[in-house]
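The block underneath contains the structure these notes are about, expressed in structure tokens.
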Amino acid sequence: MRQPEHMESNASLLQVNNLSIRLNSAAGLVHAVEDVSFTLKAGQTLGIVGESGSGKSVMARSLMNLLPRRAVAQRKGSVLLSGREISTLSERELQRLRGPDIAMIFQDPMTALNPVLTICVQVSEPLQQHLGMSKQAARARAIELLDAVGIPDAVNRIDQYPHQLSGGMRQRVVIAIALTCNPSLLIADEPTTALDVTVQRQILDLLTGLQKERRMGMLLITHDLGVVASRADFIAVMYAGRLVEVAPANTLFKSMQHPYTEALFNSIPRINDASHTRLQAIPGRPPQLHNPAPGCAFAPRCPYAQQRCHRETPPVVQAEQAGHLHACFYPVSAPVALGGVR
Amino acid sequence: MPAKKHPKIESRAQNFARALQQVFGRGFGPGFWLAVVWLLIVAFCALFADWLPVRDPLDPVIANRLNGPFTSNLLGADGLGRDIFARLIHGARVSVVIGLTAVSIGMLIGGALGIIAGYFRGHFERALMAVLDVILAFPWLVLLLALVAFIGQSLFAISVAIGFLWIPAYARVARANTLSVVQREYVLAAKAMGASTSRILIKEVLPNVILPVLAYGLVAMGLVIIVESALAFLGLSVEAPQPTWGGMISEGKRHLATAVHVAVIPSVTMFLTVLSLNFVGDRLRSRFDVKESNL
């Protein structure tokens, strides 16, 4: 793990305390995010891993207050960005915050770009709005940004429309837009899910490169444990709206505590396994998030579940190592070999 | 590493030219172009009526009364001996002005209301839709008569009255398109970059909504011309000496038994114009409508 510089080690860029979000839906209240707490320091990457519907995106969007107001039934807890509480800001203050302080990369570059506007317009807009640049200056800066995210021949590409670019190129443009105002925190919500495997790696390398270069805090959200393994300083595993395990990346793989983390880890196919090795899938289905049953949400699928697990919700506790948190009554602390992780 | 050769990238102008070629270059057929030519002629007459070498459309020459085509007058003369050809050309002006103004009014007001309703939803949308439904449920001719009686019979007043009738239709088209655009991720992405609501409406929503709304415009213009003639038939369009196509048909009906051409010639002119508008509008709409053209 990269050690954060001494000066910055105290200043937390993003601090989330006991965040709970309930959403309205036809089937009733959805407990999308439950009691989530974490901190992120400047220049660090936090990987958030969880399967579809575990509340990752809802949490990410709530960090920017981007959830549609009608959809949010209840919101508890606090989100502090550089010490400022997000949830009490006015719409105008939020508009000033989004872009220069916090920016987001979306999952699908096919839909995250406006099909009827040129790349130039889309990249230079935030520059004109937030930094007050002239049209020409913004255009020049946009070309630099496209260069920085590895778009070849940016000078000519800039006047093209999104449909003239490939998926990987479009995601690079989306990244360039997110970087326009030098955000101190970048949220990447499944940035590579919609891309080809070959392009995924390039985009991830680009993101981590830019993050180091600009010393941004980054929240890397994914459903793939392999994606964050080598790229995040900390990894948080999310299940049914809760963070069930948070640890520094190397600690997590050496001594995972929560059975769900272990199950996720075991379900990654490994290239050096013998052929015809059975892939260990997690049995059962992810829980419904409305009317959650009492007890640990993972208990019905957990091979180690005891009676207590079905009755009580396990609190988040500290494991042996500093900074390693988990929410399980019966942690599995068997060390696992790191070899197979991508 | 040597610089890689990249495939040639078109300049902005080439890009635009290619887009134009894609839209207009293939498969419209001769009918489309005939319609375009007819519309251009009508537009030209409307613009330059005063300078064209035609007779005075208001000058009654009693000797020519009800003369047929290719006699004293090119297309004959009406019941007061006025030149029908000149009246057609000057009447085109009324049709074109009313068509353009009414459609613009409907498009601007209806389009804006529709976009706002589709973006903000909530009470405003429900109230607006209820009001629009009421307007649509009203018999349009009765509504139009009431409006004209209220605001007068000038060219502008009639345009406004007919334009008012088109607000509900445009509001619905704009709202429906806005609803689908707002759900796209690029709107959320713009919000995530700190774009203000007005910026999102103008930069993200409007460019995506304007094409289907514009495409509706030509077809609507054809209908507007017919509505104007209906008003003229009731004697409620632009006041008397000013020639309008609807007014000419209406005057011609008195002479139907003796001089058919007085009513038929303006009818055919109007028929061709409305047909052309529908034809061109429909072809353009199917070319621009993503769902239909499968672009």
Quiz item: Give or take rounding to whole Å, what are the principal axis extents of the alpha carbon atoms in the stretch A:180-258, in descending order?
Solution: 38, 28, 24
Practice problem: Enumerate the amide H contacts of A:VAL244 below 5 Å, restricted to partners 5 or more residues apart or on another chain; note that Pro and chain-start residues carry no placed amide H. | Solution: A:VAL237, A:MET238, A:TYR239
Quiz prompt | Accessible surface of the protein assembly as shown, 1.4 Å probe, proportion on carbon and sulfur as whole % | solution = 60
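Of A:ASP153, A:ASP147, A:ASP224, B:ASP83, which has the most accessible area with a 1.4 Å probe, and how do the rest follow in descending order? Numbers along the way, then the final one.
Details: A:ASP153 55, A:ASP147 95, A:ASP224 35, B:ASP83 10 Å².
The ordering from most to least exposed comes out as A:ASP147, A:ASP153, A:ASP224, B:ASP83.
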Quiz item: Where the centroid of each part is defined by its Cα atoms, how far is the stretch A:121-182 from the stretch B:183-249 in Å?
Solution: 33
Self-check item: Accessible surface buried upon B-A contact (total; probe 1.4 Å; Å², nearest 100)
Solution: 2500
Quiz item: Roughly how tilted is helix B:122-137, in degrees to the nearest 10 and between 0 and 90, from the longest Cα axis of chain B?
Solution: 20
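Need one number for the protein assembly as shown: average projected area of the convex hull over its C-alpha atoms, nm². Can you show the working numbers first?
Working: hull surface 152.2 nm².
Quarter of the Cα hull surface area: 38.0 nm².
Might you tell me the accessible area per residue for the stretch B:115-240, computed with a 1.4 Å probe and given in Å²? Write out the running numbers ahead of the final one.
Details: 5630 Å² over 126 residues.
Per residue, the stretch B:115-240 has 45 Å² of solvent-accessible surface.
Just counting partner chain Cβ atoms within 10 Å, what average do the residues of peptide B:193-203 show around their Cβ?
Values: counts 16, 16, 7, 5, 2, 0, 3, 0, 0, 0, 6.
Counting other chains' Cβ atoms within 10 Å and averaging over B:193-203 gives 5.
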Quiz item: For the stretch B:62-73, what does the Karplus curve 6.51 cos²θ - 1.76 cosθ + 1.60, with θ = phi - 60°, yield as ³J(HN,Hα) per residue in whole Hz, taken in order and with x for Gly and Pro?
Solution: 4, 4, 8, 3, 6, 5, x, x, 6, 10, 5, 10
Exercise. Pull up all non-local amide H partners of A:ILE187: gap of 5 or more, or a different chain, and H-to-H distance under 5 Å with H placed in the peptide plane.
Key: A:ALA103, A:MET104, A:ILE105, A:LEU219
Exercise. Kindly point out which whole DSSP H helices in chain A project their C-alpha atoms 30 angstrom or further along the helix axis while averaging a Kyte-Doolittle hydropathy of 0.0 or above.
Key: none
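Can you give the helix-only mean residue ellipticity at 222 nm for chain B, where every DSSP H stretch with n ≥ 4 adds -39500 (n - 2.57) and the sum goes over all residues, rounded to the nearest 500 deg cm²/dmol? Spell out each step's value before the answer.
Numbers: 12 runs with 197 residues, N = 295.
Roughly -22000 deg cm²/dmol at 222 nm, from the helical runs in chain B.
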Quiz prompt | Charge dipole of chain B about the Cα centre (unit charges at C-beta), most positive-ward option of B:ALA19, B:PHE44, B:VAL94 | solution = B:ALA19
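Within 10 Å of each Cβ in A:85-95, how many Cβ atoms from other chains are there, averaged over the peptide? Before the final figure, lay out each step's value.
Values: counts 0, 0, 0, 0, 0, 0, 2, 1, 0, 2, 7.
Mean partner shielding for this stretch: 1.
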Practice problem: Please work out the C-alpha center-to-center distance from the stretch B:122-179 to the stretch A:74-108 and express it in whole Å. | Solution: 41
Quiz item: Using the eigenvalues of the Cα gyration tensor, what equivalent ellipsoid semi-axes result for the stretch A:110-182 when each is taken as the square root of five times the eigenvalue, whole Å, largest first?
Solution: 18, 12, 11
Quiz item: What percent do you get for the relative contact order of the stretch A:110-182 when only Cα pairs under 8 Å and 6+ apart count?
Solution: 46
Self-check item: Estimated D of the stretch A:23-178 in µm² per second, where Rh is the Kirkwood radius over Cα pairs and Stokes-Einstein applies at 25 °C, 0.890 mPa s
Solution: 139
Quiz item: Using Cα atoms only, what is the angle between the long axis of helix B:84-105 and the major principal axis of chain B, expressed in degrees (0 to 90) to the nearest 10?
Solution: 30
Quiz item: Quick one: ranking B:THR258, A:THR251, B:THR197, A:THR39 by accessible area, 1.4 Å probe, largest first, what do you get?
Solution: B:THR258, A:THR39, B:THR197, A:THR251
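What percent do you get for the relative contact order of chain A when only Cα pairs under 8 Å and 6+ apart count?
On the way: 648 pairs, mean separation 70.5, N = 342.
Here the relative contact order equals 21 percent.
When averaged across all projection directions, what area in nm² does the alpha-carbon convex hull of chain B cover? Could the numbers behind the result be given before it?
Numbers: hull surface 87.4 nm².
Across all orientations, chain B yields a mean hull projection of 21.8 nm².
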Self-check item: chain A, helix-only ellipticity at 222 nm - DSSP H runs n ≥ 4, -39,500 (n - 2.57), divided by all residues, nearest 500
Solution: -8500 deg cm²/dmol
Quiz prompt | Student exercise, the stretch A:110-182 dipole from Lys, Arg, Asp, Glu Cβ charges, in Debye to nearest 20 | solution = 60
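Over the stretch B:29-293, calculate the relative contact order: mean separation of alpha carbon pairs under 8 Å at least 6 apart, over the residue count, as a percent. Walk me through the intermediate numbers first.
Details: 393 pairs, mean separation 63.8, N = 265.
Relative CO of the stretch B:29-293 lands at 24 percent.
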Quiz item: Relative to the longest principal Cα axis of chain B, at what angle does helix B:12-24 sit, 0 to 90 degrees, rounded to 10?
Solution: 50
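For the stretch B:175-254, what is the Kirkwood hydrodynamic radius in Å, using each pair of distinct C-alpha atoms?
Values: mean 1/r = 0.0630 Å⁻¹.
One decimal place: 15.9 Å for the Kirkwood radius.
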Exercise. Just add up the charged neighbours of A:LEU67: K/R +1, D/E -1, any other residue whose Cβ is under 10 Å from the Cβ of A:LEU67.
Key: +4
Quiz item: Once Rh for chain A is found with the Kirkwood sum over Cα pairs, what is the Stokes-Einstein diffusion coefficient at 4 °C and 1.567 mPa s, in µm²/s?
Solution: 61
Exercise. Please identify, among A:SER52, A:SER37, A:SER184, the residue showing maximal mean-square fluctuation in a Gaussian network model of chain A using a 10 angstrom Cα cutoff.
Key: A:SER52
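As a test of reading the structure, rank A:ARG22, A:ARG311 by solvent-accessible area (1.4 Å probe, protein chains only), most first. The partial results should precede the final answer.
Numbers: A:ARG22 50, A:ARG311 145 Å².
I get A:ARG311, A:ARG22, largest accessible area first.
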Practice problem: Would you look at the GNM of chain B, springs on alpha carbons closer than 10 Å, and say which of B:LEU108, B:LEU144, B:LEU40 moves the most? | Solution: B:LEU40
Self-check item: Choice from A:ALA27, A:ALA236, A:ALA140 showing the highest fluctuation, given a GNM over chain A with Cα pairs closer than 10 Å
Solution: A:ALA27
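The values are calculated or read from the model by the stated rules, or taken from the named source; none is laboratory data. These numbers come from a predicted model, not from an experiment. Glycine gets a Cβ as well: all are built from the backbone with ideal geometry, and neighbour counts include every protein chain shown. These accessible areas exclude ligands, DNA and RNA; they are computed on the full protein's heavy atoms, side chains included. Shrake-Rupley method; radii C 1.70, N 1.55, O 1.52, S 1.80 Å.
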